[in-house]
Amino acid sequence: MSSAGDVKFQYLAAIFVNIASISFGAYCGWPSSSFLELGSDKSPLETGPLTDQDKGNVAAVLCLGGLVGNVFFAWLADRCGRRTSMLWVTLPSLLGWVLIPFARNPTHLIGARFLGGMAGGGVFGVIPIYTAELAEDSVRGILGTFLVLSANVGVILAFVLGYYFDYATVAWIVASLSILFVVCFWFMPETPQHLINRQKPQEAELALRYYRNIRARQSKELSEELQLELHKLRAPECPEKGCDEVDDNVVTWADFVAPKARKACLIGLGLVASNQGCGCFAMLNYTAFIFHESGSSLAPTVAAIIVGVIQVVGNLVATSLVERLGRKLLLLISAVGICLSQATMGTHGYLKTLGYDTTGFDWVPVAAFSFMLFIASWGLLTLPFLVIAEIMPPKIRSTANMLLMSILWLISMCTIKLIPLLSVTWGLHGVIFLFASFSLCGALFVALFVPETKGKTIETILASL
């Protein structure tokens, strides 16, 4: 087990890179309060208040931007490196925030949100790979949870700022995060794994020395440790063969149909489907509506802040438990908890539809919804990104992650747009029951197919597939 001094630069890199996650989280939380101002009679837009259709388009285009950004920044991460790709993420993020105060019609807002979505595509497409490649086995899980934790901090930041400031001021304040990210992250080295893949062993050794804090420690034992880790980076998929040569960097279809790679991709696909199929992310966009339907007297902005705090607390629980209980158990507990919460919400809504008097129990869906987000943040909303990065063979890790995140953004966009349409036909309770069934399927999938990766080296994880 590494000491705190050995991993401090790994923590520092994970914190700095996730400043970009905070900025994207703010994009996710910005509509909650801003739509109240932009949809009112006092809307500063030249075209007047935003219509419901405008709000839907402005909200959903974030996912389309995420799809485009995921493909572009994943490609850039392979060509130019994870560090360089993340630095370029700053450009669409900053431009999106700067464009919002100057927006004069819904099209301008859609453009700004598209740019923000592109940044989000880079964040969720590159950061899991960056973190998995620099972290030691003992802290890889903890550092991997920083991604969603930071994004939820950004959501709360947008909620709180939106409570005190107008939408344009919020945009200017959050834009400063992009500058802060560049200043902090500029001095971080590239990941050793990528440098090895690019046949730069000397630079890889320097990067590994930095992240392992070996620079000032002189010992033959440590030197042998370093060389052993460098050797593992060269051939994590075939340690038993003692491969010394770096494989061709060109990824082909044959790399994906290899048994271990194919199984890793199928597990990743199941995790992505469970992450979005459980409906937690999509339902977040309708928080105010759900609270209103339950008869809650809380103001929408206050309700949103409470929900954001619940998520962050859940993320903190996941961060503290991921290296103790493991990924699989947390994913399983999370999926089952989500299913039970949604079944409770759906039952309350169904009874209310049938005409039963639920006046004394209108707190139930609020409590169930809050618990759902809390337990979802333990695992199903947080850990799939970490597990996918851990189980993928290094050669296809970036490309496979890009494909899986593209599927995630597509499912996300569809669920957000379909909730209001299906609610008209089935009622909100029917949609929630559908999500509950998907959550149950996700729990069964995790129990049967997802391997435990806690504390295991990459080569051990690959050997177990």
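For the stretch 140-172, give me each residue that is open to solvent by 10 Å² or more (accessible area, probe 1.4 Å) and farther than 19 Å from residue 112 by Cβ.
142, 144, 146, 148, 149, 150, 152, 153, 156, 160, 163, 164
Quick check, is residue 439 within 23 Å of residue 126 (Cα to Cα), touching a residue at least 60 places away in the same chain (Cβ under 8 Å), open to solvent by less than 50 Å² (accessible area, probe 1.4 Å) and assigned to a helix (DSSP H, G or I)?
Taking the combined requirement at face value, the residue does not satisfy it.
Which is in contact (Cβ under 8 Å) with a residue 12 or more places away in the chain, assigned to a helix (DSSP H, G or I), over 21 Å from residue 27 (Cβ atoms) and touching a helix residue (DSSP H, G or I) at 6+ places or on another chain (Cβ under 8 Å), of 310, 338?
338
Could you count how many residues in the stretch 173-216 are open to solvent by less than 80 Å² (accessible area, probe 1.4 Å) and over 28 Å from residue 28 (Cα atoms)?
Selection size over the stretch 173-216: 20.
Tell me which of these residue 357 doesn't satisfy, since it passes every other one: (1) open to solvent by less than 10 Å² (accessible area, probe 1.4 Å); (2) among the charged types (D, E, K, R); (3) farther than 21 Å from residue 457 by Cβ.
With (1) open to solvent by less than 10 Å² (accessible area, probe 1.4 Å); (2) among the charged types (D, E, K, R); (3) farther than 21 Å from residue 457 by Cβ applied to residue 357, the lone miss is (1).
For the stretch 58-72, does any single residue satisfy the condition of being crowded, with 20+ Cβ neighbours inside 10 Å and aromatic (Phe, Trp, Tyr)?
No, there is no match, as no residue in the stretch 58-72 is crowded, with 20+ Cβ neighbours inside 10 Å and aromatic (Phe, Trp, Tyr).
Can you tell me how many residues within the stretch 129-179 are closer than 21 Å to residue 77 by Cα and β-branched (Val, Ile, Thr)?
5
Only residues that are in contact with a helix residue (DSSP H, G or I) (Cβ under 7 Å, 6 or more places away or on another chain) and more than 28 Å from residue 322 (Cβ to Cβ): list them for the stretch 341-365, please.
Selection gives 346, 348, 349, 350, 353, 358, 361, 364, 365.
Of the residues that sit in the stretch 284-300 and are crowded, with 18+ Cβ neighbours inside 10 Å and among the hydrophobic types (A, V, I, L, M, F, W, C), which one is modelled with the lowest pLDDT?
288
Does any residue in the stretch 374-403 that is free of Cβ contacts under 8 Å to residues at least 60 places away in the same chain come within less than 9 Å, Cβ to Cβ, of a residue that is assigned to a loop (DSSP other than H, G, I, E, B) and open to solvent by 10 Å² or more (accessible area, probe 1.4 Å) six or more places away or on a different chain, and which pairs are these?
Here the result reads none, with nothing in the stretch 374-403 linked to a residue that is assigned to a loop (DSSP other than H, G, I, E, B) and open to solvent by 10 Å² or more (accessible area, probe 1.4 Å).
Only residues that are in contact with a helix residue (DSSP H, G or I) (Cβ under 8 Å, 6 or more places away or on another chain) and basic (Lys, Arg): list them for the stretch 71-106, please.
Listed by number, the residues that qualify are 82, 83.
Return a yes/no flag: does the stretch 179-195 have any residue that is hydrophobic (A, V, I, L, M, F, W, C), modelled with pLDDT of 95 or more and closer than 30 Å to residue 53 by Cα.
Checked the stretch 179-195: no residue is hydrophobic (A, V, I, L, M, F, W, C), modelled with pLDDT of 95 or more and closer than 30 Å to residue 53 by Cα.
Can you name the number of the only condition in (1) open to solvent by 20 Å² or more (accessible area, probe 1.4 Å); (2) at pLDDT 85 or above; (3) of a type in the set (Ser, Thr, Tyr) that residue 32 fails?
(2)
Which of (1) open to solvent by less than 30 Å² (accessible area, probe 1.4 Å); (2) farther than 15 Å from residue 125 by Cα does residue 396 not meet, given it meets every other one?
Residue 396 satisfies all of (1) open to solvent by less than 30 Å² (accessible area, probe 1.4 Å); (2) farther than 15 Å from residue 125 by Cα except (2).
Among what's in the stretch 313-325 and is part of a helix (DSSP H, G or I) and in contact (Cβ under 8 Å) with a residue 12 or more places away in the chain, pick the residue that is farthest from residue 153 (Cα to Cα).
That would be 321.
Write out, first by first residue and then by second, each pair whose Cβ atoms fall under 6 Å of each other, whose residues are 6+ apart or on separate chains, and whose first residue, in the stretch 46-61, is closer than 16 Å to residue 113 by Cβ while the second is open to solvent by 60 Å² or more (accessible area, probe 1.4 Å) and assigned to a helix (DSSP H, G or I).
Pairs found: 60/417.
Being free of Cβ contacts under 8 Å to residues at least 40 places away in the same chain and either on the phi < 0 side of the Ramachandran plot or in a helix (DSSP H, G or I) (or both) narrows it down to one of 92, 101, so name that one.
92
Please go through the stretch 137-160 and give me each residue that is outside any helix (DSSP H, G or I) and touching a Phe, Trp or Tyr at 6+ places or on another chain (Cβ under 8 Å), ordered by number.
Answer for the stretch 137-160, where residues must be outside any helix (DSSP H, G or I) and touching a Phe, Trp or Tyr at 6+ places or on another chain (Cβ under 8 Å): just 139.
Keeping to the stretch 249-261, report how many residues are open to solvent by 70 Å² or more (accessible area, probe 1.4 Å) and touching a Leu at 6+ places or on another chain (Cβ under 9 Å).
2
The values are calculated or read from the model by the stated rules, or taken from the named source; none is laboratory data. Because the structure is a prediction, the values reported are computed rather than measured. Reconstructed Cβ throughout: ideal geometry from the backbone, glycine too, with neighbour counts over all protein chains shown. Accessible surface areas use protein heavy atoms only, side chains included; no ligands, DNA or RNA. Shrake-Rupley method; radii C 1.70, N 1.55, O 1.52, S 1.80 Å.
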